[in-house]
Structure formats: structure tokens, C-alpha cells
Amino acid sequence: MTKEFKVFVVIVTYNGMKWIEECLKSIQDSSIKTSVFVIDNCSQDGTIEFISENFQDIQITKNTHNLGFGQANNVGITKAVNANADYILLLNQDAYLFPDSIEKLINSFNNNDGYGVLSPIQLHVNGERMENLFFQFNAEAFNQLLSKFLLAKIQKSNTIKVDFVQAACWLIKKEVFAKIEGFDDLFYHYGEDNNFCQRLKSIGYEIGVVTDSFVYHDTTEETHKKITIKYELNRYRSNILKYLYDINEPNVKKHYSYLLKKCYVNFITAIFTLSPRGAFLEIRKLILLIKLIFITKKRLKKLK
């Protein structure tokens, strides 16, 4: 690569001691020189203290409260744009780059003008297969990459167009943020990356995966999260917003009656099965759904 680019890496941390050392070391080993902004969502496990002591060239922003994934990323994105970044890499605290990951993403951008977001192939932390959600979202596009043998045989850069790829590792050009203002504050955690991709596509950008660029993504802890009502409501909020808040869907109103009916049926079912927790959860979902229908109607009008 002949031209030098200003690349800023934005990492949102929250109790990330399990991963942060390996994550930051992988950035240090990158073939592309980068600057790093860490945006911390009130970690309580020593994450920030560890970074301050061991990675003194990293700029840390400590949020006064947990902003969630999207809004915390927006803080870092704003800092990178103000620092005249050419490219911004959004990297999860539980993701580890290969030395040439960023370089190959930039090379692909240079050969493909129409992309707004590029991601490496996201591998399970053991490196033997794709990360589960990454594969589920892109199973059709990656039909030719189902085995370790084929993964090992990829020899040249090949950017595959996809509808969506989760934001564990996204490289984005600075000019994209001049047209789309980061993640939407309607989301807290989960779903904000899907909405970002929907809005990108609405203004003519594509989303791509670069098949000779790789990143490890350690999502093993996701399966051990405590399932609280707050957690379930947040996941429900994210899932329905994919349908209610899609600017590319010409007839979004068709989802309203279906989702309202589903909430009602689930509530009645919980009543008859004598599940107070289930009934409480479903009535909370119904209230949330009605609220989000009104909010998204207004926001979609502005986007269009």
C-alpha cells in the first residue's frame, strides 16, 4: 500500500478484562499504523486501570453512565472524525485482529467505491469455523465457505456483498459519517448495527465482507448471560425495530397489526397458563410496541 491513511480504531469497553489485552495487542501488531480511542461504559472490573497502566498511548473516555453500544461508539466516531480520520474501525472488545486485517479492508475499499461498511470474515475464537451469528446472518452469501478447507484456500481478495454483518469489526470511510450520523439513539444494545446498515442502503451504499481478511470474535460468554425481564425487553425492542424502523420497507404498516396481535395472544396464553411473570412481560412488550410504533413513524418521515 503506497499511500498512508489515518486510521482510528474505536473500542467500546464494558467489564472487558477477559479480552482487552489480546484485543489491544492485536491492534499493536497491525501492519497499518492506527490511533485508538477507548470509550468506556462504566466498567467495574479494572478494565480502564489496566489499559491506563499498560497501553499509555491509547486515549480513554470514561462515560458517566452506560450509554449502550451504539451511543458509546458515536462518541468515539465523533472524536475520530474531528481528528481527520480517513478510516474508522469499530472493533468489539472481544475481537482480535489479524496483522493484515485492516490493510486488506482498506485495499478492498480502494477497489470498490460503492461500499459503506466492510467487515472481515468473523471467526470463532478457536479459529476453526465462522462465528455463529456471523454465519447465520450470511449463510446464503457464504455457501461456498462452509468448510475449513475452503477457508484455508482463499488466495485473493474477494469482496462479497451482504445485506447485513454485525458490527464486531467494521471499517468505515470518514465521508460515510458526513451522510449518516452514526448509530441511532433509539437503540441501546443490539439492533443498532442492523439499523445502520438499513440506512446505509437507503442512500446507495453497499455492505461487504472481505474474504481474505479475518478477525477472531469471542462470543462464548453470550450464552451465559442472565435472562432478566430487562434483558428480554431490550432484545424484543431490538428485534421489532428491525421491522418497524426499516427505511427500505415500502409497506412498514403491515407489521403493526401482526405484532400487536402477537403481543395480545402471548399475553392471553400467559394468563391461561398461570404464568404471572410471562403475563407481566407480555404487557410490558405491548406497551413498548405501541410506544415504538409512534416513535418510528415520526423518524421514518424525517429520514424519507
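Of everything in the range 258-282, what is open to solvent by less than 100 Å² (accessible area, probe 1.4 Å) and closer than 26 Å to Glu192 by Cβ? Give them in sequence order.
Scanning the range 258-282 gives Leu259, Leu260, Cys263, Asn266, Leu281, Glu282.
Given the structure, is Tyr236 touching a residue at least 24 places away in the same chain (Cβ under 8 Å), at negative phi, of a type in the set (Ser, Thr, Tyr) and out of contact with any Gly (no Cβ under 9 Å at 6 or more places or on another chain)?
Working: touching a residue at least 24 places away in the same chain (Cβ under 8 Å): yes; at negative phi: yes; of a type in the set (Ser, Thr, Tyr): yes; out of contact with any Gly (no Cβ under 9 Å at 6 or more places or on another chain): yes.
So Tyr236 passes the test.
Can you name every residue in the range 17-73 that is open to solvent by less than 50 Å² (accessible area, probe 1.4 Å), in a helix (DSSP H, G or I) and over 28 Å from Tyr231 (Cα atoms)?
Leu24, Ser26, Ile27, Phe50, Ile51
Select, from Leu150, Leu133, Leu90, Leu105, the only residue that is part of a strand (DSSP E or B) and either modelled with pLDDT of 85 or more or open to solvent by 30 Å² or more (accessible area, probe 1.4 Å) (or both). Even if it seems obvious, please write down each step before you answer.
Values: Leu150 fails: part of a strand (DSSP E or B); Leu133 fails: part of a strand (DSSP E or B); Leu105 fails: part of a strand (DSSP E or B).
Step by step, each of Leu150, Leu133, Leu90, Leu105 is checked, and only Leu90 is part of a strand (DSSP E or B) and either modelled with pLDDT of 85 or more or open to solvent by 30 Å² or more (accessible area, probe 1.4 Å) (or both).
Which ones in the range 108-117 are of a type outside the set (A, V, I, L, M) and either open to solvent by less than 60 Å² (accessible area, probe 1.4 Å) or in contact with a Ser or Thr (Cβ under 8 Å, 6 or more places away or on another chain) (or both)? Break it down stepwise before answering.
First, the residues of the range 108-117 that are of a type outside the set (A, V, I, L, M): 108-116.
Ser108, Phe109, Asn111, Asn112, Gly114, Tyr115, Gly116 - these are the residues of the range 108-117 that are of a type outside the set (A, V, I, L, M) and either open to solvent by less than 60 Å² (accessible area, probe 1.4 Å) or in contact with a Ser or Thr (Cβ under 8 Å, 6 or more places away or on another chain) (or both).
Which residues, counting only those in the range 78-87, are part of a helix (DSSP H, G or I) and open to solvent by 10 Å² or more (accessible area, probe 1.4 Å)? If you could, list the steps in order and put the result at the bottom.
Taking the range 78-87 as the starting set, the residues that turn out to be part of a helix (DSSP H, G or I) are 78-82.
Residues satisfying the conditions are Thr78, Lys79, Val81, Asn82.
Using beta carbons and a limit of 6 Å, which pairs, at least six apart or on different chains, have the first residue in the range 21-43 and more than 20 Å from Thr78 (Cβ to Cβ) and the second one open to solvent by 20 Å² or more (accessible area, probe 1.4 Å) and among the charged types (D, E, K, R)?
Ser31/Asp100; Ser31/Glu103; Ile32/Glu103
For His217, all conditions in the list (1) within 22 Å of Pro120 (Cα to Cα); (2) surrounded by fewer than 21 Cβ atoms within 10 Å (Cβ to Cβ) hold save one; what is the number of the exception?
Against the list (1) within 22 Å of Pro120 (Cα to Cα); (2) surrounded by fewer than 21 Cβ atoms within 10 Å (Cβ to Cβ), His217 comes up short only on (2).
Can you tell me which residues in the range 51-76 are more than 18 Å from Tyr190 (Cα to Cα), among the hydrophobic types (A, V, I, L, M, F, W, C) and in contact with a strand residue (DSSP E or B) (Cβ under 7 Å, 6 or more places away or on another chain)?
Ile51, Ile58, Ile60
Give me the residue from the range 185-238 that is of a type in the set (Phe, Trp, Tyr) and part of a loop (DSSP other than H, G, I, E, B) and, out of that set, modelled with the highest pLDDT.
Residues of the range 185-238 of a type in the set (Phe, Trp, Tyr): 187-188, 190, 196, 205, 214, 216, 231, 236.
Checking the rest, the ones that are also part of a loop (DSSP other than H, G, I, E, B) come to 187-188, 190, 205.
Values: Phe187: 87, Tyr188: 79, Tyr190: 82, Tyr205: 94.
The qualifying residue modelled with the highest pLDDT is Tyr205.
The values are calculated or read from the model by the stated rules, or taken from the named source; none is laboratory data. For clarity, every value in this text was computed on a predicted model and none was experimentally measured. Glycine also receives a Cβ, built like all others from the backbone with ideal geometry; neighbour counts cover every protein chain displayed. To get the accessible areas, we keep the full protein, side chains included, count just its heavy atoms, and leave off ligands, DNA and RNA. Shrake-Rupley method; radii C 1.70, N 1.55, O 1.52, S 1.80 Å.
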